[in-house]
Amino acid sequence: MQNSKVLIVEDEPKVAHLVREVLTASGFEVVTASNARGAIEQVAMEQPDLVLLDIVLPGEMDGYDLAKRLREFSDVPFIMLTARARESDMLHGFDVGADDYITKPFNSKELLARVKAVLRRSERNGSSRKDEEEVVCGEIRIDLARRQVTVSGRGIHLTTTEYNLLHELAVHHDQVMLHEQLLGAVWGSEYRNDVDYLRAYIHSLRQKIEADPANPKIIVRCPGVGYSLVTADGQG
């Protein structure tokens, strides 16, 4: 929990500053965003351990809409920050996946207690997929420890880049990975806008591992967002 990274999504500068001061004084690393678009980019690139999310945000997406969007590609825990105290608002927050709900105004002790509690739950419940030794997708087996890929028991030769891309998808299987996430993780942050580059490698991977590359069932596309590696369980 020490040195955990927290993303604050808040358009009121005074509130954002206060929360940042409280968290940094307690040893947390803090990044901020003032709108939904910025928050999506920060979650994709910074991969925070927790998000503090204001409900009222400028632009087309409010906090609820942003929460739904985040859940399309990330399982990062988040706490709703809001001036709304109605039970219906709280239930709506939990419906979109919120891990907790803090009503403004709040004091520093309450904020820290809630943040630490959610992080503890996340650590306790998060049997990290990155610790898995093998990922199975139908007839495909990806041995993460040995860096080997087999289809119906037959070894598949992948280039280093192809394997690194498949590995990144595999350790986050059944989650949608943003284009920017994949490009940054496999090629580096300077490539994060080269979506055509990513498409070319996805095409190459599908040719090698999909039974019908023209109708992929394992590496599936989320239009305009990214890709997901779907396991047998994920398909069910």
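The values are calculated or read from the model by the stated rules, or taken from the named source; none is laboratory data. Just so we're clear, the structure is a prediction, and the values are computed from it rather than from any experiment. Cβ atoms come from the backbone with ideal geometry, glycine included; neighbour counts cover every protein chain shown. SASA here: full protein model, heavy atoms, side chains in, ligands and nucleic acids out. Shrake-Rupley method; radii C 1.70, N 1.55, O 1.52, S 1.80 Å.
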Report the FRET efficiency, 1/(1 + (r/R0)^6), for residue 190 and residue 157, where r is their Cβ-Cβ distance and R0 is 22 Å, rounded to 0.05. 0.20
Mind checking which aspartates and glutamates have their C-alpha under 16 Å from residue 109, skipping anything on the same chain fewer than 8 residues away? 21, 100
Contour excess over end-to-end distance, with Cα ends at residue 197 and residue 225 and 0.36 nm allotted per residue: 8.6 nm
Against the longest alpha carbon principal axis of the chain, how many degrees, from 0 to 90 and to the nearest 10, is the axis of helix 13-25 turned? 70
Describe numerically, in nm with one decimal, the distance between label points set 7 Å from Cα along Cα→Cβ at residue 89 and at residue 110. 1.3
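Per residue, how much accessible surface does the range 12-95 expose to a 1.4 Å probe? Answer in Å², no decimals. Don't skip to the end; give the middle numbers.
Values: 4220 Å² over 84 residues.
Ligands and nucleic acids excluded, the figure is 50 Å² per residue.
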So if each residue of separation counts as 0.36 nm, and I subtract the Cα-Cα distance between residue 204 and residue 12, what length gain in nm does that give? 64.5 nm
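Return a whole-number percent for the relative contact order of the range 1-99, with Cα pairs under 8 Å and 6 or more residues apart as the contact set.
Details: 153 pairs, mean separation 26.1, N = 99.
Normalised by residue count, the contact order of the range 1-99 is 26 percent.
At a Förster radius of 45 Å, what calculated FRET efficiency corresponds to the Cβ-Cβ distance of residue 139 and residue 35, to the nearest 0.05? Before the final figure, lay out the partial values.
Values: r = 44 Å, r/R0 = 0.97.
Efficiency at R0 = 45 Å is approximately 0.55.
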Between 0 and 90°, nearest 10: helix 160-170 axis offset from the chain longest Cα axis: 50
In whole angstrom, the spacing between the Cα centers of the range 2-16 and the range 172-187 equals 24
Report, in listed order, any pair from 5/208; 116/217; 68/104 with a Cα-Cα distance greater than 31 Å. 5/208; 116/217
Can you compute the FRET efficiency between residue 102 and residue 47 using 1/(1 + (r/R0)^6), with r the Cβ-Cβ distance and R0 = 22 Å? Round to the nearest 0.05. 0.45
In the chain, carbon and sulfur make up what percent of the accessible area (probe 1.4 Å)? 45
Counting only protein chains, not ligands or nucleic acids, how are 82, 32 ordered by accessible area (probe 1.4 Å), most first? 32, 82
On C-alpha positions alone, give me the angle between the axis of helix 108-125 and the longest principal axis of the chain, in degrees, nearest 10. 20
